[in-house]
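Reading through the structure tokens given below for one structure.
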């Protein structure tokens with residue numbers, strides 16, 4: 001079977017600060033440009049040499065808008081994945097495909113959000129992107145819709161509610177060491193979590209991802225070129241995207257409904273990469289909601305419904321010594337949220353050995369796309385030794 005295993009690598013990462021939703025000091029386009037230029041500087045690549053532009057979800061800052069300010073010499077490839085937050089690894093897959101087939105040489109994968117510009121969360125925007133079966137029943141927000149899945153996880157499969165709290169506490173624990181994390185000053189003890197405002201049963205405030213303005217980007221080049229770049233490459237071992245039967249937006253009845261909808265992409269990732277759950281050193285798990293983060297761990301084979309309570313413990317999930325440290329920057333819950341793009345940057349930092357919560361000797365780093373999305377993706381990054 002032909003795969004893209006190790007054909008391309010992330011060699012540059014860059015992002016703006018996280019701003020409060022709707023409070024970015026610059027327009028969305030400028031944020032995107034700042035992130036791409038920062039990623040190029042990190043890689044030691046001239047921004048004018050970027051010839052591929054790839055994003056996901058409702059990204060509005062396309063290649064035509066970016067080219068003039070970057071001084072792009074030639075755009076050879078541009079694409080947008082038809083996925084929401086689930087599309088981060090999928091965008092990496094498209095970048096690797098473009099490079100492996102010679103359609104582009106230096107690809108920027110990026111996401112920018114400024115609520116004052118894009119109005120992503122306004123009701124009219126949300127309604128145009130939410131299936132009718134939810135709207136007619138009064139379900140308009142991601143928290144409401146995803147709560148259905150997570151309640152099933154608790155009621156039908158007996159996964160302990162405490163696993164949700166653990167996922168949140170691990171994120172905030174890691175954020176305390178991250179000077180740029182939005183939630184770095186929050187100590188999420190049991191009392192604070194238990195008394196938090198209810199959002200949509202079973203979710204409290206601390207079960208939900210943040211919403212921030214900002215931008216983040218990575219630069220992807222061929223494995224051969226990566227050897228000459230300024231920073232340690234993170235090779236893309238596999239990054240499948242898709243969904244199983246029942247996963248379409250007008251149906252959204254994928255089995256098992258209670259999990260993250262990532263069984264198919266996870267199976268393909270392990271098969272394509274030649275690795276398995278036991279080989280992963282660190283994982284950046286997209287958490288729109290904690291319950292879906294639990295589901296993602298189950299879908300990827302780190303635990304089962306029955307063993308989730310034993311596996312998802314604070315000691316198992318924290319850096320540096322946990323069995324599987326996750327969300328080591330604080331993740332979507334406590335670091336900041338630019339539609340999850342920050343997870344790809346942190347997965348790369350772990351391969352480089354420069355995370356604020358570094359796991360010793362990382363060779364394999366997982367980054368997942370948005371769980372519960374009607375289409376999703378997942379990616380395995382590796383150090384040179386994994387090729």
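The values are calculated or read from the model by the stated rules, or taken from the named source; none is laboratory data. Just so you know, these numbers come straight off a predicted model, no measurement behind them. Note that we place each Cβ from the backbone using ideal geometry, even for glycine, and neighbour counts take in every protein chain shown.
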Check on residue 168, surrounded by 21 or more Cβ atoms within 10 Å (Cβ to Cβ), in a helix (DSSP H, G or I) and in contact with a strand residue (DSSP E or B) (Cβ under 6 Å, 6 or more places away or on another chain) = no
If you check every pair at least six apart or on different chains, which have Cβ atoms under 8 Å apart with a residue in the stretch 126-141 that is at negative phi and in a helix (DSSP H, G or I) first and a residue that is surrounded by 12 or more Cβ atoms within 10 Å (Cβ to Cβ) and modelled with pLDDT of 75 or more second?
-> 126/140; 126/141; 127/135; 127/140; 134/140; 134/144; 134/145
Scope the stretch 293-319; condition out of contact with any strand residue (DSSP E or B) (no Cβ under 7 Å at 6 or more places or on another chain), in a helix (DSSP H, G or I) and closer than 25 Å to residue 356 by Cβ; matching residues | 293, 294, 297, 311, 314, 315, 316
Determine whether the stretch 348-355 contains at least one residue that is more than 30 Å from residue 114 (Cα to Cα) and either assigned to a helix (DSSP H, G or I) or in contact with a helix residue (DSSP H, G or I) (Cβ under 7 Å, 6 or more places away or on another chain) (or both).
-> no
Criterion: modelled with pLDDT under 95 and on the phi > 0 side of the Ramachandran plot - qualifying residue of 44, 71, 22 | 22
Please give the number of the condition residue 278 fails out of (1) assigned to a loop (DSSP other than H, G, I, E, B); (2) farther than 14 Å from residue 370 by Cα; (3) under 21 Å from the mean Cα position of the chain (by Cα).
-> (1)
Within the set of pairs 6 or more residues apart or between chains, which connect a residue that is at positive phi and in contact (Cβ under 8 Å) with a residue 12 or more places away in the chain inside the stretch 357-381 to a residue that is buried (at least 24 other Cβ atoms within 10 Å of the Cβ) and assigned to a strand (DSSP E or B) with Cβ atoms less than 9 Å apart?
-> 372/289
Scan of the stretch 320-336 for residues that are surrounded by 24 or more Cβ atoms within 10 Å (Cβ to Cβ) and either part of a loop (DSSP other than H, G, I, E, B) or free of Cβ contacts under 8 Å to residues at least 12 places away in the same chain (or both), ordered by number | 325, 327, 328, 329, 330, 335, 336
Criterion: under 28 Å from residue 379 (Cα atoms) and either in a helix (DSSP H, G or I) or at pLDDT below 85 (or both) - qualifying residue of 116, 108, 104, 98 = 98
Scanning the stretch 142-165 residue by residue, the ones that are in contact with a strand residue (DSSP E or B) (Cβ under 7 Å, 6 or more places away or on another chain) and over 19 Å from residue 256 (Cβ atoms) total 2
For residue 83, work out the one condition from (1) in contact with a strand residue (DSSP E or B) (Cβ under 6 Å, 6 or more places away or on another chain); (2) assigned to a loop (DSSP other than H, G, I, E, B); (3) modelled with pLDDT of 95 or more it doesn't fulfil.
-> (3)
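Conditions tested, residue by residue: (1) crowded, with 16+ Cβ neighbours inside 10 Å; (2) at pLDDT 95 or above; (3) more than 26 Å from residue 316 (Cα to Cα).
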site	(1), (2), (3)
174	yes, yes, no
188	yes, yes, no
225	yes, yes, yes
239	yes, yes, no
244	no, no, yes
Of the residues in the stretch 356-375, those that are part of a loop (DSSP other than H, G, I, E, B), under 19 Å from residue 233 (Cβ atoms) and in contact with a helix residue (DSSP H, G or I) (Cβ under 9 Å, 6 or more places away or on another chain) come to 358, 359, 362, 363
Tally time: how many residues in the stretch 279-319 are closer than 23 Å to residue 86 by Cβ and either in contact with a helix residue (DSSP H, G or I) (Cβ under 7 Å, 6 or more places away or on another chain) or buried (at least 24 other Cβ atoms within 10 Å of the Cβ) (or both)?
-> 27
Would you check if there is a residue in the stretch 58-69 being out of contact with any strand residue (DSSP E or B) (no Cβ under 7 Å at 6 or more places or on another chain), within 24 Å of residue 332 (Cβ to Cβ) and in contact (Cβ under 8 Å) with a residue 40 or more places away in the chain?
-> yes
In the list 354, 359, which residue meets the criterion of being buried (at least 18 other Cβ atoms within 10 Å of the Cβ), more than 17 Å from the chain's Cα centre (by Cα) and at pLDDT 95 or above?
-> 359
Check whether at least one residue in the stretch 196-211 is under 30 Å from residue 40 (Cβ atoms), under 18 Å from the mean Cα position of the chain (by Cα) and surrounded by 20 or more Cβ atoms within 10 Å (Cβ to Cβ), and report yes or no.
-> yes
Restricting the stretch 7-39 to residues that are assigned to a loop (DSSP other than H, G, I, E, B) and within 20 Å of the chain's Cα centre (by Cα), the one surrounded by the fewest Cβ atoms within 10 Å (Cβ to Cβ) turns out to be 17
